Amino acid sequence: MIRRAGLVLALAAAMLPGAALAQQSAPRLKARTLAQLPLPLPAPYDATRDARKDIDAALARAKKSGKLLLIDLGANWCVDCRVLAGVLELPEMRSWLARNFELVQVDIGIFDRNLDLPRRFGGAPLQAVPAILVVDPRTGRLRNRDDILGLGDARLLQPQQMADWLARWTR
């Protein structure tokens, strides 16, 4: 009887908005090493963008879709940021990200812009990049408040390790 009740609860939870995120595991990446990333590495951080406007729009989309908001704070001069961006651009990662997150890539300049953005979601001011903010759109709070620098040494990680780290926050 307890097993059946647990199954009923699990099925009911699966029907709630955002519940699909609870079942997500990281995609299996074909690129096993950083040497297998396409070159040149992407330079996705655009200093001309209005980060707050981009984040507000992505947060609205995330609320509507039940996805999480993923904010990638970085700079094109940062090797780790560009390595991470290269992994995020892998085809299997792009499709997985699109199913699970609304992604916004934010330029921090030379540590002279957008440094206060983590505070908006309950985090500490930015100290290093790349910094990843995983925001629950229902609460507006960080899921990874104590681990925003988990991919900070991207050049020392393998692509699958980065994918697995991101998947942790979909549970």
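The values are calculated or read from the model by the stated rules, or taken from the named source; none is laboratory data. All values derive from a computational prediction rather than experimental measurement. We place every Cβ from the backbone using ideal geometry, glycine too, and count neighbours over all the protein chains shown. When the accessible area is computed, the model is the full protein with side chains, heavy atoms only, and any ligands, DNA or RNA have been set aside. Shrake-Rupley method; radii C 1.70, N 1.55, O 1.52, S 1.80 Å.
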> What residue, of ALA22, ALA57, is at pLDDT below 95 and part of a helix (DSSP H, G or I)?
Replying inline: ALA22
> Just one of the numbered conditions (1) under 17 Å from THR170 (Cα atoms); (2) part of a helix (DSSP H, G or I); (3) open to solvent by 20 Å² or more (accessible area, probe 1.4 Å) is not true of ALA62; which one?
Replying inline: (3)
> On the given criteria, is LEU34 among the hydrophobic types (A, V, I, L, M, F, W, C), open to solvent by 20 Å² or more (accessible area, probe 1.4 Å) and within 20 Å of LEU157 (Cα to Cα)?
Replying inline: yes
> Which residues, taken from segment 73-89, are aliphatic (A, V, I, L, M) and either open to solvent by 10 Å² or more (accessible area, probe 1.4 Å) or assigned to a helix (DSSP H, G or I) (or both)?
Replying inline: VAL79, VAL83, LEU84, ALA85, VAL87, LEU88
> Can you tell me which of LEU70, LEU166 is surrounded by 14 or more Cβ atoms within 10 Å (Cβ to Cβ) and not in a strand (DSSP E or B)?
Replying inline: LEU166
> For MET93, which of the numbered conditions (1) part of a helix (DSSP H, G or I); (2) in contact (Cβ under 8 Å) with a residue 24 or more places away in the chain; (3) within 13 Å of LEU70 (Cβ to Cβ); (4) open to solvent by 10 Å² or more (accessible area, probe 1.4 Å) fails to hold?
Replying inline: (4)
> Out of all the residues in segment 62-84, which are under 11 Å from the mean Cα position of the chain (by Cα) and of a type in the set (A, V, I, L, M, F, W, C)?
Replying inline: LEU68, LEU69, LEU70, ILE71, LEU73, LEU84
>> Can you list residue pairs whose Cβ atoms sit under 6 Å apart, with the first residue in segment 124-153 being open to solvent by 40 Å² or more (accessible area, probe 1.4 Å) and the second being of a type outside the set (Asp, Glu) and assigned to a strand (DSSP E or B)? Count only pairs 6 or more apart in sequence or on different chains.
In response: ARG143/VAL134; LEU149/ALA131
